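What follows is a single structure, written as structure tokens, with notes after it.
Each reported figure results from applying straightforward, stated rules to the coordinates on display, with no laboratory input. What you see is a predicted model; the values in this text were computed from it and never measured. Reconstructed Cβ throughout: ideal geometry from the backbone, glycine too, with neighbour counts over all protein chains shown.
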Amino acid sequence: MSEIPAPISVSSAPSPDPKSKPAGSNARSAPRPDRMSRLQDLPRLKSEAQTMRVMVEEFCSYHHGTSGHLLCPKCQAFLDYALKRLACCPYGEEKPVCGSCKIHCYKPAERETARQVMRWAGPRLFFSHPLMAVGHVVDKLVHKAPDKPRNTARAKPAVKPAAQTPSASQPPKNNKSK
């Protein structure tokens, strides 16, 4: 009598994430999901993200005629970019306000947009969100920009070249005096 073989089980490997990028794609185009969660996990970044959202919403409402929390496509793209850069901030909880930061993490065009948005919305924040505005001013005074953080995992120790001594395989140079 022959035995029936047991059915072959499918491997228990996790199924690929539908949001994951295929191999060879640009890994820098979107932050890792754990980076974006920093905007909710770290109180300092959460506060900065909320301030940025409010400033962009007010700017877009006035300049582009949107209402409420709706943004035009250009302002939405800028806000997404700004939040991505904020989530990837190497300072984390010690982050200074962007105006006094020593790292320029925005591209030049987005940096100019951020300057315009903040210059317009910053003073108006005192009327629409006074506690947020005072908090932002306090953050500017309290959180001074530290030195640029270094990636110690990638840093290679500096190797000083050894003093050059004549080796046995090389004959000494003949210095003839004339």
Problem set entry | Rg over Rh, two decimals, region 47-142 (C-alpha only, Kirkwood Rh) | 0.94
Exercise. Among the listed pairs K74/K102; K102/K140; K46/K84; K74/K148, which are separated by more than 23 Å between their Cα atoms?
Worked result: K74/K102; K74/K148
Problem set entry | Inter-probe distance in nm under a simple model that places probes 7 Å from Cα toward Cβ, at K84 and I103 | 1.6
Problem set entry | Nearest-0.05 FRET efficiency for R124 and Q40, computed from C-beta distance (R0 25 Å) | 0.40
For this session: Sum up the charges of everything whose Cβ sits under 14 Å from the Cβ of G65, counting Lys and Arg as +1 and Asp and Glu as -1, but leave G65 out.
Result: -1
Problem set entry | From phi via Karplus (6.51, -1.76, 1.60), per-residue ³J(HN,Hα) for region 54-59 in Hz, x at Gly/Pro | 5, 4, 5, 4, 5, 4
Exercise. Could you put H104, H64 in order, starting from the residue whose Cβ has the fewest other Cβ atoms within 10 Å?
Worked result: H104, H64
Problem set entry | Within straight-line cross-link reach of K144, aspartates and glutamates at Cα separation under 20 Å, skipping those fewer than 8 residues along the same chain | E48, E93, E94
Exercise. Which net charge results for the neighbourhood of Y106, defined as the other residues with beta-carbon distances under 10 angstrom from its beta-carbon, given Lys and Arg at +1 and Asp and Glu at -1?
Worked result: +2
Exercise. Straight-line reach from K107: which aspartates and glutamates have a Cα under 15 Å away, not including same-chain ones fewer than 8 places off?
Worked result: D80
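Using a 10 Å cut-off around each Cβ, can you sort S37, S67 from fewest to most neighbouring Cβ atoms?
S67, S37
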Seminar exercise, completed: Cβ density ranking, 10 Å radius, fewest first, applied to V142, V137 yields V142, V137
